[in-house]
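Asks: Here you go, one structure.
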Amino acid sequence: MNENMAAIGPLDCRAAGCEGAILRVFPRRTAMTPTDSMAVVGFPGLWRPAAEEVHVSVAFAWDIERGRELADAWRQYYAVVKMGGPALDGEGDGFQPGMYLKEGVTITSRGCVRECPWCIVRGRIRLLDINPGWIVQDNNLLATGRTHLGRVFQMLRQQSRPVTFAGGLDARLLKDWMAEEIRGLRVSQVFLAADTNDVLPALRHALDLLDFLPRDKKRCYVLWGFNGESPMKGEERCRAVWEMGAMPFAQLYQPIGQHTVWTPQVRAQARRWQRPAITKALMAQEVLL
Ligand code: SF4
């Protein structure tokens, strides 16, 4: 620990030369969390950087409660603690969500038009400012409306890096014009979802529209084990996704706030559909049999 920076609180701030410095606090570390020295995860520890303000940034609805606990904890040490981020409505005092995500990640909307029982995302679609980025993490980007989507595609065309639609595109909402917009981009990966068998016809149609992308760029989340569904059914859905030309990604269901312990056999079974190299080897082997 740097002794000079230990336990610096608001009273020490100007003396420490931190005028204008913002410490960003995140409920948990994810692939989207910034990694610079003024970004920390969780509750205050012994080492507290000099900062004029603390911003607790909440990207997901399931972290809102934890975000409030964090804000209370950080208020013990800093005079100005704000809370904001894409998950919050009407809070944030001018928070710019794009500043609080790892470089490249952008969230242009939150909420969803659906209420899937396995998902915690709730609330109507709310449009956010469109911050530049090439990893799009919206819950349901395609439900945001033509005007907003047009602006998002325009922003994506200006990016220097290939685009990843990581939040998942809703296959039921993909239209020809949207696919044409995606065709006009440099694409790293597009994620879709096949959480139930009901969505498979729409998924097939969406993958037909995206047939200009190779399999490796068309990833598809496949939920396993929701509502007592057997892992076998999840595996069947992964095979269906593969046969449609996409690369499945199995996700074992975990209820929010609880923890389901999957057996090592089921975890091993799912792993075959989580790593593209293993999935490809498996499918190549089956062709030879
Ligand atoms: S469509 Fe996706 S984001 Fe919307 S409720 Fe269902 S799983 Fe959640």
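The values are calculated or read from the model by the stated rules, or taken from the named source; none is laboratory data. As the structure is a computational prediction, the values presented were derived from the model and not from experiment. All Cβ positions, even for glycine, are placed from backbone atoms using ideal geometry, and neighbour counts span all protein chains on display. Ligands, DNA and RNA are excluded from the accessible area calculation, which covers all protein heavy atoms including side chains. Shrake-Rupley method; radii C 1.70, N 1.55, O 1.52, S 1.80 Å.
Asks: For Phe153, are the conditions met, namely being in the same structural domain as Ala250 (by TED's automatic domain parsing), crowded, with 16+ Cβ neighbours inside 10 Å and aromatic (Phe, Trp, Tyr)? Working first, answer last.
Replies: Details: in the same structural domain as Ala250 (by TED's automatic domain parsing): yes; crowded, with 16+ Cβ neighbours inside 10 Å: yes; aromatic (Phe, Trp, Tyr): yes.
It is true that Phe153 is in the same structural domain as Ala250 (by TED's automatic domain parsing), crowded, with 16+ Cβ neighbours inside 10 Å and aromatic (Phe, Trp, Tyr).
Asks: Now a separate question. Taking the conditions exactly as written (buried (at least 20 other Cβ atoms within 10 Å of the Cβ), more than 16 Å from the ligand (Cβ to nearest atom) and in the same structural domain as Arg186 (by TED's automatic domain parsing)), does Gly133 satisfy them or not? Give the steps one after another, and end with the answer.
Replies: Values: buried (at least 20 other Cβ atoms within 10 Å of the Cβ): yes; more than 16 Å from the ligand (Cβ to nearest atom): yes; in the same structural domain as Arg186 (by TED's automatic domain parsing): yes.
So Gly133 fits the description; yes.
Asks: So, in the range 257-271, exactly how many residues are within 22 Å of Cys116 (Cβ to Cβ) and open to solvent by 40 Å² or more (accessible area, probe 1.4 Å)?
Replies: Residues in the range 257-271 being within 22 Å of Cys116 (Cβ to Cβ) and open to solvent by 40 Å² or more (accessible area, probe 1.4 Å): 5 in total.
Asks: Moving on. Take the residues in the range 35-80 that are part of a strand (DSSP E or B), of a type outside the set (A, V, I, L, M, F, W, C) and open to solvent by less than 20 Å² (accessible area, probe 1.4 Å), then tell me which one is nearest to Trp118 (Cα to Cα). Before you say what the answer is, go through the steps one by one.
Replies: Within the range 35-80, the subset part of a strand (DSSP E or B) is 39-41, 47, 53-57.
Next cut, of a type outside the set (A, V, I, L, M, F, W, C) only: 53, 55, 57.
Checking which are open to solvent by less than 20 Å² (accessible area, probe 1.4 Å) leaves us with 55, 57.
On the way: His55: 30, Ser57: 24 Å.
For the range 35-80, the residue satisfying everything is Ser57.
Asks: Continuing with this model, one more query. Between a residue in the range 169-188 that is part of a loop (DSSP other than H, G, I, E, B) and any residue that is within 13 Å of the ligand (Cβ to nearest atom), which pairs come within a Cβ distance under 6 Å, given they are 6 or more apart or on different chains?
Replies: Partner pairs satisfying both residue conditions: Leu169/Leu142; Leu169/Leu192; Asp170/Asn140; Asp170/Leu142.
Asks: If we keep just the residues of the range 189-245 that are polar (S, T, N, Q) and touching a helix residue (DSSP H, G or I) at 6+ places or on another chain (Cβ under 7 Å), which is farthest from Thr263 (Cα to Cα)? It would help to see each step written out before you state the result.
Replies: Within the range 189-245, the first condition is being polar (S, T, N, Q), and the residues that meet it are 189, 196-197, 227, 230.
Adding the requirement that they be touching a helix residue (DSSP H, G or I) at 6+ places or on another chain (Cβ under 7 Å) leaves 189, 197.
Numbers: Gln189: 31, Asn197: 24 Å.
Per the criteria, the residue is Gln189.
Asks: Shifting gears a bit: Contact list please: Cβ distance under 7 Å, first residue in the range 110-121 and outside the structural domain of Phe60 (by TED's automatic domain parsing), second residue more than 6 Å from the ligand (Cβ to nearest atom) and of a type in the set (D, E, K, R), pairs at least six apart or on different chains.
Replies: Taking only residues 6 or more apart or on different chains, the pairs are Arg110/Arg126; Gly111/Arg124; Gly111/Arg126; Glu115/Arg122; Cys116/Asp195; Trp118/Asp195.
Asks: Only one residue in Thr147, Thr164 is crowded, with 19+ Cβ neighbours inside 10 Å and away from the ligand (no atom under 16 Å from the Cβ). Which one?
Replies: Numbers: Thr147 fails: crowded, with 19+ Cβ neighbours inside 10 Å.
Just a single option satisfies the conditions, and that option is Thr164.
Asks: Still on this model: Picking from Met99, Met83, which residue would you name as being of a type outside the set (Phe, Trp, Tyr), at pLDDT below 90 and open to solvent by 30 Å² or more (accessible area, probe 1.4 Å)? So that I can check it myself, show each step before the final result.
Replies: On the way: Met83 fails: open to solvent by 30 Å² or more (accessible area, probe 1.4 Å).
Going through Met99, Met83 in turn, just one is of a type outside the set (Phe, Trp, Tyr), at pLDDT below 90 and open to solvent by 30 Å² or more (accessible area, probe 1.4 Å): Met99.
Asks: Restricting to the range 167-176, count the residues that are more than 20 Å from the chain's Cα centre (by Cα) and surrounded by 13 or more Cβ atoms within 10 Å (Cβ to Cβ).
Replies: So the first thing to find is which residues in the range 167-176 are more than 20 Å from the chain's Cα centre (by Cα), and the list is 175-176.
Next, only the ones that are surrounded by 13 or more Cβ atoms within 10 Å (Cβ to Cβ) stay: 175.
Final tally of qualifying residues: 1.
Asks: Identify the single condition in (1) assigned to a helix (DSSP H, G or I); (2) within 16 Å of the ligand (Cβ to nearest atom); (3) open to solvent by 50 Å² or more (accessible area, probe 1.4 Å) that Val199 does not satisfy, given that it satisfies every other one.
Replies: With respect to (1) assigned to a helix (DSSP H, G or I); (2) within 16 Å of the ligand (Cβ to nearest atom); (3) open to solvent by 50 Å² or more (accessible area, probe 1.4 Å), Val199 is out only on (3).
Asks: Now for a different question. For the range 103-124, does any single residue satisfy the condition of being assigned to a helix (DSSP H, G or I) and away from the ligand (no atom under 13 Å from the Cβ)? Working first, answer last.
Replies: Of the range 103-124, the ones assigned to a helix (DSSP H, G or I) are none.
Checked against the condition, which is being assigned to a helix (DSSP H, G or I) and away from the ligand (no atom under 13 Å from the Cβ), the range 103-124 yields no hits at all.
Asks: Residues of the range 234-256 being open to solvent by 80 Å² or more (accessible area, probe 1.4 Å) and either in contact with an Asp or Glu (Cβ under 6 Å, 6 or more places away or on another chain) or in contact (Cβ under 8 Å) with a residue 24 or more places away in the chain (or both), which ones?
Replies: Filtering the range 234-256 for residues open to solvent by 80 Å² or more (accessible area, probe 1.4 Å) gives 236, 243, 256.
Ile256 - this is the single residue of the range 234-256 that is open to solvent by 80 Å² or more (accessible area, probe 1.4 Å) and either in contact with an Asp or Glu (Cβ under 6 Å, 6 or more places away or on another chain) or in contact (Cβ under 8 Å) with a residue 24 or more places away in the chain (or both).
Asks: Anything in the range 196-225 that is farther than 14 Å from Ala240 by Cβ and of a type in the set (Gly, Ala, Ser)? List them, or say none.
Replies: Within the range 196-225, just Gly225 meets the criteria.
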